[in-house]
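Trainee: One structure follows; several queries about it will come next.
The values are calculated or read from the model by the stated rules, or taken from the named source; none is laboratory data. It should be emphasised that the depicted structure is a prediction, and the values quoted were computed from it without experimental measurement. All Cβ positions, even for glycine, are placed from backbone atoms using ideal geometry, and neighbour counts span all protein chains on display. The accessibility values were calculated without ligands, DNA or RNA, using every heavy atom of the protein model including side chains. Shrake-Rupley method; radii C 1.70, N 1.55, O 1.52, S 1.80 Å.
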Amino acid sequence: MKTRNVVGMGLAEMEAVAAGLGEPRYRARQIYAGVYRRLRRSWDAFPDLPKTLRARLGAELSIAYPPLGETAVSRDGTRRYLFEVSPGASVESVFIPEEKRDTLCISTQVGCALGCLFCVTGRRPLLRNLTPGEIAGQVLALVADRGAASRRLNIVIMGMGEPLLNYDHVMAAVRLMTDPEGMAVSPRRVTLSTAGVVPGIERLAREPVRPNLAVSLNAATDEVRDRLMPINRTWNIAALLDACRRFPLAERSRITFEYVLVGGVNDSPADARALARLLSGLRHKVNLIPLNPDPSIGLAPPPGERVLEFQQILSDAHVTTSVRRARGEDIAAACGMLAGRARGDAGVTPGR
Ligand code: SAH
Ligand code: SF4
(Lines give C-alpha, C1' and ligand atoms only; values in the text may rest on other atoms or scores of the structure.)
(Ligands and ions follow the chains in the order given, each with its own letter.)
Protein backbone atom coordinates (compact mmCIF):
# COMPACT_ATOMS: atom_id res chain seq x y z
CA MET A 1 0.00 0.00 0.00
CA LYS A 2 1.21 3.49 -0.84
CA THR A 3 1.57 5.32 2.40
CA ARG A 4 3.97 8.18 1.86
CA ASN A 5 4.18 10.99 -0.61
CA VAL A 6 7.64 12.25 -1.58
CA VAL A 7 6.22 15.66 -2.59
CA GLY A 8 6.94 17.80 0.45
CA MET A 9 9.93 15.78 1.66
CA GLY A 10 13.23 17.57 2.08
CA LEU A 11 16.52 16.01 1.06
CA ALA A 12 17.23 14.71 4.57
CA GLU A 13 13.90 12.89 4.65
CA MET A 14 14.57 11.39 1.26
CA GLU A 15 17.97 10.25 2.45
CA ALA A 16 16.30 8.50 5.35
CA VAL A 17 13.93 6.81 2.91
CA ALA A 18 16.85 5.71 0.74
CA ALA A 19 18.69 4.36 3.78
CA GLY A 20 15.55 2.47 4.81
CA LEU A 21 15.56 0.78 1.41
CA GLY A 22 19.23 -0.07 1.79
CA GLU A 23 20.14 2.33 -1.02
CA PRO A 24 23.10 4.70 -1.15
CA ARG A 25 22.60 8.35 -0.29
CA TYR A 26 23.03 9.68 -3.79
CA ARG A 27 19.78 8.00 -4.77
CA ALA A 28 18.01 10.54 -2.57
CA ARG A 29 19.57 13.38 -4.56
CA GLN A 30 18.43 11.80 -7.80
CA ILE A 31 14.88 11.51 -6.51
CA TYR A 32 14.93 15.03 -5.06
CA ALA A 33 16.12 16.58 -8.33
CA GLY A 34 13.68 14.48 -10.33
CA VAL A 35 10.68 15.55 -8.25
CA TYR A 36 11.43 19.24 -7.70
CA ARG A 37 13.64 20.22 -10.60
CA ARG A 38 12.47 18.04 -13.43
CA LEU A 39 8.85 17.75 -12.28
CA ARG A 40 8.73 14.00 -12.76
CA ARG A 41 5.45 12.57 -11.62
CA SER A 42 5.90 8.84 -11.93
CA TRP A 43 8.69 6.45 -11.04
CA ASP A 44 8.80 5.30 -14.67
CA ALA A 45 10.02 8.80 -15.54
CA PHE A 46 13.31 8.17 -13.66
CA PRO A 47 15.60 6.61 -16.29
CA ASP A 48 18.54 7.22 -13.93
CA LEU A 49 17.20 4.72 -11.37
CA PRO A 50 17.49 0.93 -11.80
CA LYS A 51 14.25 -0.74 -12.77
CA THR A 52 14.11 -2.88 -9.65
CA LEU A 53 14.48 0.18 -7.45
CA ARG A 54 11.74 1.99 -9.36
CA ALA A 55 9.42 -0.93 -8.69
CA ARG A 56 10.24 -0.86 -4.97
CA LEU A 57 9.77 2.89 -4.79
CA GLY A 58 6.48 2.59 -6.63
CA ALA A 59 5.22 0.08 -4.10
CA GLU A 60 5.93 2.32 -1.13
CA LEU A 61 5.95 5.92 -2.23
CA SER A 62 3.83 8.15 -4.38
CA ILE A 63 4.70 11.38 -6.20
CA ALA A 64 1.41 13.15 -5.71
CA TYR A 65 0.52 16.78 -6.35
CA PRO A 66 -2.56 18.15 -4.60
CA PRO A 67 -5.59 16.84 -6.55
CA LEU A 68 -6.76 19.42 -9.04
CA GLY A 69 -10.46 20.20 -9.20
CA GLU A 70 -11.80 22.85 -11.49
CA THR A 71 -9.77 25.58 -13.14
CA ALA A 72 -11.12 28.89 -14.40
CA VAL A 73 -9.54 31.19 -16.96
CA SER A 74 -10.06 34.94 -16.79
CA ARG A 75 -10.35 37.30 -19.74
CA ASP A 76 -6.97 38.73 -18.71
CA GLY A 77 -5.27 35.31 -18.78
CA THR A 78 -5.27 34.82 -15.01
CA ARG A 79 -6.06 31.25 -14.01
CA ARG A 80 -7.63 30.10 -10.77
CA TYR A 81 -7.05 26.52 -9.67
CA LEU A 82 -9.11 24.71 -7.09
CA PHE A 83 -7.38 21.88 -5.27
CA GLU A 84 -9.34 19.42 -3.17
CA VAL A 85 -6.57 18.65 -0.72
CA SER A 86 -8.71 16.18 1.20
CA PRO A 87 -12.40 15.30 1.07
CA GLY A 88 -14.33 18.46 1.89
CA ALA A 89 -11.21 20.64 2.15
CA SER A 90 -10.28 22.82 -0.80
CA VAL A 91 -7.88 25.66 -1.44
CA GLU A 92 -7.17 27.86 -4.40
CA SER A 93 -4.08 29.07 -6.20
CA VAL A 94 -3.78 31.68 -8.90
CA PHE A 95 -1.49 31.91 -11.93
CA ILE A 96 -1.05 35.48 -13.17
CA PRO A 97 0.84 35.80 -16.46
CA GLU A 98 2.79 39.02 -16.84
CA GLU A 99 5.14 40.33 -19.47
CA LYS A 100 8.42 39.66 -17.74
CA ARG A 101 7.35 37.14 -15.14
CA ASP A 102 4.57 34.86 -14.08
CA THR A 103 3.23 35.27 -10.58
CA LEU A 104 1.88 32.33 -8.60
CA CYS A 105 -0.30 33.09 -5.60
CA ILE A 106 -0.54 30.13 -3.25
CA SER A 107 -2.52 29.19 -0.15
CA THR A 108 -1.29 27.99 3.22
CA GLN A 109 -4.41 27.03 5.17
CA VAL A 110 -7.88 25.71 4.40
CA GLY A 111 -9.86 28.78 5.47
CA CYS A 112 -8.53 31.36 7.90
CA ALA A 113 -9.09 31.94 11.60
CA LEU A 114 -8.44 35.69 11.52
CA GLY A 115 -11.78 36.83 10.12
CA CYS A 116 -10.84 40.16 8.55
CA LEU A 117 -13.98 42.10 7.73
CA PHE A 118 -13.20 42.64 4.04
CA CYS A 119 -11.95 39.16 3.13
CA VAL A 120 -13.95 36.29 1.67
CA THR A 121 -11.44 33.70 2.91
CA GLY A 122 -11.92 35.05 6.42
CA ARG A 123 -15.57 34.05 6.22
CA ARG A 124 -14.57 30.42 5.94
CA PRO A 125 -13.70 28.68 9.17
CA LEU A 126 -10.17 27.39 9.51
CA LEU A 127 -10.37 23.68 8.71
CA ARG A 128 -6.69 22.85 8.83
CA ASN A 129 -3.13 23.79 7.97
CA LEU A 130 -1.71 22.70 4.64
CA THR A 131 1.29 20.37 4.71
CA PRO A 132 4.64 21.35 3.13
CA GLY A 133 3.80 19.02 0.22
CA GLU A 134 0.42 20.69 -0.32
CA ILE A 135 2.00 24.15 -0.25
CA ALA A 136 4.99 23.41 -2.49
CA GLY A 137 2.76 21.06 -4.51
CA GLN A 138 0.62 24.03 -5.63
CA VAL A 139 3.73 25.54 -7.20
CA LEU A 140 4.68 22.25 -8.87
CA ALA A 141 1.16 21.74 -10.20
CA LEU A 142 0.85 25.26 -11.64
CA VAL A 143 4.32 25.19 -13.15
CA ALA A 144 3.62 21.79 -14.71
CA ASP A 145 0.25 22.97 -16.04
CA ARG A 146 1.59 26.18 -17.58
CA GLY A 147 5.04 24.97 -18.54
CA ALA A 148 6.41 28.01 -16.68
CA ALA A 149 10.16 28.43 -16.27
CA SER A 150 11.36 28.78 -12.66
CA ARG A 151 13.60 31.72 -13.52
CA ARG A 152 10.51 33.63 -14.65
CA LEU A 153 8.53 32.98 -11.48
CA ASN A 154 7.38 35.23 -8.69
CA ILE A 155 5.74 33.38 -5.84
CA VAL A 156 3.44 35.24 -3.51
CA ILE A 157 2.22 33.51 -0.38
CA MET A 158 -0.96 35.55 -0.34
CA GLY A 159 -3.71 33.06 -1.06
CA MET A 160 -5.99 31.54 1.53
CA GLY A 161 -4.87 31.49 5.14
CA GLU A 162 -2.38 33.20 7.40
CA PRO A 163 1.08 31.80 6.59
CA LEU A 164 2.68 32.72 9.91
CA LEU A 165 0.05 30.67 11.76
CA ASN A 166 1.29 27.63 9.83
CA TYR A 167 4.90 28.62 10.25
CA ASP A 168 6.82 25.34 10.11
CA HIS A 169 5.01 23.94 7.09
CA VAL A 170 5.22 27.22 5.20
CA MET A 171 8.94 27.58 5.81
CA ALA A 172 9.59 23.94 4.87
CA ALA A 173 7.80 24.67 1.59
CA VAL A 174 9.76 27.92 1.10
CA ARG A 175 13.00 25.96 1.48
CA LEU A 176 11.87 23.51 -1.20
CA MET A 177 10.94 26.37 -3.53
CA THR A 178 14.20 28.23 -3.06
CA ASP A 179 16.68 25.35 -2.85
CA PRO A 180 19.05 25.64 -5.82
CA GLU A 181 18.94 21.81 -6.09
CA GLY A 182 15.16 21.90 -5.99
CA MET A 183 12.76 24.36 -7.59
CA ALA A 184 15.51 27.00 -7.54
CA VAL A 185 13.33 30.09 -7.27
CA SER A 186 15.37 32.97 -5.85
CA PRO A 187 14.23 33.93 -2.32
CA ARG A 188 14.06 37.50 -3.61
CA ARG A 189 11.24 36.31 -5.83
CA VAL A 190 9.19 34.87 -2.99
CA THR A 191 6.99 37.13 -0.88
CA LEU A 192 5.10 36.15 2.24
CA SER A 193 2.15 38.27 3.29
CA THR A 194 1.01 38.35 6.90
CA ALA A 195 -1.90 40.00 8.67
CA GLY A 196 0.59 40.88 11.42
CA VAL A 197 1.45 37.85 13.55
CA VAL A 198 4.26 39.51 15.49
CA PRO A 199 5.93 36.40 16.95
CA GLY A 200 5.95 34.91 13.44
CA ILE A 201 7.66 38.01 12.02
CA GLU A 202 10.24 37.79 14.80
CA ARG A 203 10.89 34.15 14.00
CA LEU A 204 11.14 34.85 10.30
CA ALA A 205 13.72 37.52 11.06
CA ARG A 206 16.05 34.79 12.34
CA GLU A 207 15.76 32.49 9.29
CA PRO A 208 18.85 32.08 7.13
CA VAL A 209 16.72 32.00 3.97
CA ARG A 210 13.90 34.51 4.15
CA PRO A 211 11.18 35.41 1.71
CA ASN A 212 10.32 39.10 1.27
CA LEU A 213 7.91 40.36 3.85
CA ALA A 214 4.57 41.94 3.03
CA VAL A 215 2.37 43.20 5.84
CA SER A 216 -1.36 43.75 5.49
CA LEU A 217 -1.65 47.02 7.35
CA ASN A 218 -4.97 48.23 5.96
CA ALA A 219 -5.44 51.05 8.48
CA ALA A 220 -3.46 53.89 9.98
CA THR A 221 -5.11 53.97 13.40
CA ASP A 222 -5.81 51.21 15.90
CA GLU A 223 -9.42 52.26 16.02
CA VAL A 224 -9.98 51.50 12.33
CA ARG A 225 -7.66 48.48 12.30
CA ASP A 226 -9.42 46.92 15.30
CA ARG A 227 -12.60 47.08 13.28
CA LEU A 228 -11.19 45.70 10.04
CA MET A 229 -8.76 43.15 11.41
CA PRO A 230 -9.53 41.49 14.76
CA ILE A 231 -5.86 40.44 15.04
CA ASN A 232 -5.06 44.09 15.81
CA ARG A 233 -6.51 43.57 19.28
CA THR A 234 -3.70 41.09 19.93
CA TRP A 235 -0.85 42.90 18.15
CA ASN A 236 -1.63 46.53 17.54
CA ILE A 237 -0.06 48.85 15.00
CA ALA A 238 2.76 49.94 17.30
CA ALA A 239 3.75 46.34 18.12
CA LEU A 240 3.52 45.37 14.47
CA LEU A 241 5.63 48.25 13.17
CA ASP A 242 8.14 47.67 15.92
CA ALA A 243 8.66 44.10 14.67
CA CYS A 244 8.95 45.48 11.14
CA ARG A 245 11.64 47.94 12.22
CA ARG A 246 13.66 45.06 13.64
CA PHE A 247 13.22 42.88 10.56
CA PRO A 248 16.57 42.52 8.78
CA LEU A 249 16.39 43.66 5.18
CA ALA A 250 18.81 42.78 2.43
CA GLU A 251 20.37 45.61 0.48
CA ARG A 252 17.81 47.45 -1.64
CA SER A 253 14.92 45.44 -0.26
CA ARG A 254 11.97 46.88 1.59
CA ILE A 255 8.87 45.76 3.41
CA THR A 256 5.68 45.97 1.39
CA PHE A 257 2.70 47.35 3.26
CA GLU A 258 -0.59 46.32 1.74
CA TYR A 259 -3.48 48.66 2.24
CA VAL A 260 -6.90 47.54 1.09
CA LEU A 261 -8.90 50.71 0.45
CA VAL A 262 -12.42 50.39 1.78
CA GLY A 263 -14.81 53.20 0.82
CA GLY A 264 -15.72 55.43 3.76
CA VAL A 265 -13.71 53.34 6.23
CA ASN A 266 -9.95 53.89 5.75
CA ASP A 267 -9.71 56.02 2.60
CA SER A 268 -9.77 59.63 3.85
CA PRO A 269 -6.99 62.18 3.27
CA ALA A 270 -6.40 62.10 7.04
CA ASP A 271 -5.87 58.32 6.83
CA ALA A 272 -3.33 58.84 4.04
CA ARG A 273 -1.41 61.42 6.08
CA ALA A 274 -1.47 59.21 9.18
CA LEU A 275 -0.19 56.28 7.10
CA ALA A 276 2.73 58.34 5.77
CA ARG A 277 3.63 59.36 9.32
CA LEU A 278 3.49 55.77 10.58
CA LEU A 279 5.88 54.53 7.91
CA SER A 280 8.51 57.21 8.24
CA GLY A 281 11.83 55.66 9.19
CA LEU A 282 10.88 52.27 7.73
CA ARG A 283 12.22 50.95 4.44
CA HIS A 284 8.85 50.51 2.90
CA LYS A 285 6.69 50.55 -0.16
CA VAL A 286 2.94 50.74 -0.10
CA ASN A 287 0.65 48.66 -2.23
CA LEU A 288 -2.83 50.13 -2.38
CA ILE A 289 -5.51 47.56 -3.18
CA PRO A 290 -8.95 48.98 -3.91
CA LEU A 291 -11.32 46.54 -2.22
CA ASN A 292 -12.50 43.70 -4.39
CA PRO A 293 -16.18 43.61 -3.53
CA ASP A 294 -18.13 40.43 -2.96
CA PRO A 295 -21.83 40.20 -2.13
CA SER A 296 -20.99 38.34 1.09
CA ILE A 297 -18.92 41.26 2.41
CA GLY A 298 -21.15 44.31 2.13
CA LEU A 299 -18.30 46.81 1.73
CA ALA A 300 -17.34 48.82 -1.35
CA PRO A 301 -14.13 50.18 -2.83
CA PRO A 302 -13.69 53.97 -2.90
CA PRO A 303 -14.40 55.79 -6.16
CA GLY A 304 -11.40 56.04 -8.49
CA GLU A 305 -10.69 59.74 -7.73
CA ARG A 306 -10.49 58.98 -4.06
CA VAL A 307 -7.89 56.27 -4.70
CA LEU A 308 -5.82 58.72 -6.76
CA GLU A 309 -6.09 61.39 -4.08
CA PHE A 310 -4.95 58.90 -1.42
CA GLN A 311 -2.01 57.91 -3.58
CA GLN A 312 -1.11 61.55 -4.26
CA ILE A 313 -0.96 62.40 -0.56
CA LEU A 314 1.36 59.44 0.00
CA SER A 315 3.66 60.32 -2.86
CA ASP A 316 3.78 63.97 -1.72
CA ALA A 317 5.02 62.56 1.59
CA HIS A 318 7.70 60.51 -0.26
CA VAL A 319 5.99 57.19 0.26
CA THR A 320 6.54 54.91 -2.75
CA THR A 321 3.12 53.71 -3.70
CA SER A 322 1.62 51.46 -6.32
CA VAL A 323 -2.01 50.67 -6.91
CA ARG A 324 -2.61 47.00 -7.45
CA ARG A 325 -4.48 46.28 -10.62
CA ALA A 326 -7.16 43.69 -10.00
CA ARG A 327 -6.42 40.52 -11.96
CA GLY A 328 -8.85 37.70 -12.54
CA GLU A 329 -11.80 39.63 -11.08
CA ASP A 330 -14.26 37.98 -13.44
CA ILE A 331 -13.37 34.54 -12.07
CA ALA A 332 -13.16 35.58 -8.39
CA ALA A 333 -9.40 35.11 -8.36
CA ALA A 334 -8.55 38.62 -7.16
CA CYS A 335 -7.08 39.34 -3.70
CA GLY A 336 -9.28 38.33 -0.83
CA MET A 337 -11.79 36.52 -3.05
CA LEU A 338 -10.47 32.99 -2.73
CA ALA A 339 -12.92 30.84 -0.90
CA GLY A 340 -11.93 27.27 -1.71
CA ARG A 341 -15.27 26.31 -3.11
CA ALA A 342 -16.29 25.13 -6.56
CA ARG A 343 -18.38 27.76 -8.26
CA GLY A 344 -19.24 26.27 -11.62
CA ASP A 345 -19.12 29.83 -12.96
CA ALA A 346 -18.55 31.07 -16.48
CA GLY A 347 -15.12 30.41 -17.86
CA VAL A 348 -14.67 27.24 -15.90
CA THR A 349 -13.00 24.41 -17.68
CA PRO A 350 -13.07 20.92 -16.26
CA GLY A 351 -9.99 19.99 -14.27
CA ARG A 352 -7.96 16.96 -15.09
N1 SAH B 1 -3.45 36.23 5.51
C2 SAH B 1 -2.43 36.95 4.83
C3 SAH B 1 -2.27 36.54 3.39
C4 SAH B 1 -3.51 36.29 2.60
S5 SAH B 1 -4.58 37.67 2.37
C6 SAH B 1 -2.67 38.42 4.93
O7 SAH B 1 -3.74 38.83 5.39
O8 SAH B 1 -1.76 39.18 4.58
C9 SAH B 1 -3.75 38.49 1.02
C10 SAH B 1 -4.07 39.96 0.82
O11 SAH B 1 -5.40 40.14 0.32
C12 SAH B 1 -3.97 40.77 2.10
O13 SAH B 1 -3.13 41.88 1.90
C14 SAH B 1 -5.41 41.23 2.33
O15 SAH B 1 -5.42 42.45 3.00
C16 SAH B 1 -5.95 41.29 0.92
N17 SAH B 1 -7.40 41.23 0.83
C18 SAH B 1 -8.23 40.49 1.58
N19 SAH B 1 -9.51 40.69 1.21
C20 SAH B 1 -9.49 41.57 0.19
C21 SAH B 1 -10.50 42.17 -0.64
N22 SAH B 1 -11.80 41.88 -0.49
N23 SAH B 1 -10.11 43.03 -1.60
C24 SAH B 1 -8.79 43.30 -1.78
N25 SAH B 1 -7.80 42.76 -1.05
C26 SAH B 1 -8.14 41.91 -0.07
FE1 SF4 C 1 -7.11 35.69 6.79
FE2 SF4 C 1 -5.53 37.34 5.33
FE3 SF4 C 1 -8.15 37.08 4.78
FE4 SF4 C 1 -7.40 38.33 7.00
S5 SF4 C 1 -6.97 38.98 4.90
S6 SF4 C 1 -9.04 36.80 6.85
S7 SF4 C 1 -5.61 37.15 7.57
S8 SF4 C 1 -6.61 35.47 4.62
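Trainee: Remind me, relative contact order of the chain in percent, using alpha carbon pairs under 8 angstrom and six or more residues apart?
Mentor: Taking the mean separation of contacting Cα pairs over the length of the chain, I get 18 percent.
Trainee: Among 243-252, 181-190, 257-266, 198-207, how do they line up from the highest to the lowest mean number of other beta-carbon atoms within 10 Å?
Mentor: 257-266, 181-190, 198-207, 243-252
Trainee: Separate question: What part of the accessible area of the range 68-350, given as a whole %, is carbon or sulfur when the probe is 1.4 angstrom?
Mentor: Details: 6000 of 11740 Å².
About 51 percent, which is the carbon plus sulfur part of the accessible surface.
Trainee: Here is a follow-up. Report the Cys residues of the chain lacking a disulfide-compatible partner, meaning no second Cys Cβ under 4.7 Å from their Cβ.
Mentor: If one checks each Cβ against the other cysteines of the chain, Cys105, Cys112, Cys244, Cys335 turn up with nothing under 4.7 Å.
Trainee: Rg to Rh ratio, the range 1-137, alpha-carbon atoms and Kirkwood radius?
Mentor: 1.05
Trainee: Here's something else I'd like to know. What dipole magnitude, in Debye to the nearest 20, does the chain give about its Cα centre under +1 on Lys/Arg Cβ and -1 on Asp/Glu Cβ?
Mentor: 960
Trainee: For Arg4, what residues show an amide H to amide H distance below 5 Å, using hydrogens built from the backbone and excluding near sequence neighbours?
Mentor: Ser62
Trainee: Under 13 Å from a point 7 Å along the Cα-to-Cβ line of Ala149: which residues of the range 82-106 have their amide N that close?
Mentor: Flagged as within label range: 100-102.
Trainee: Taking the chain as a Gaussian network, where each spring joins two C-alpha atoms under 10 Å apart, which residue of Leu68, Leu240, Leu53 fluctuates the most?
Mentor: Leu53
Trainee: Rolling a 1.4 Å sphere over the protein heavy atoms, what is the accessible area per residue of the range 68-350, to the nearest Å²?
Mentor: 41
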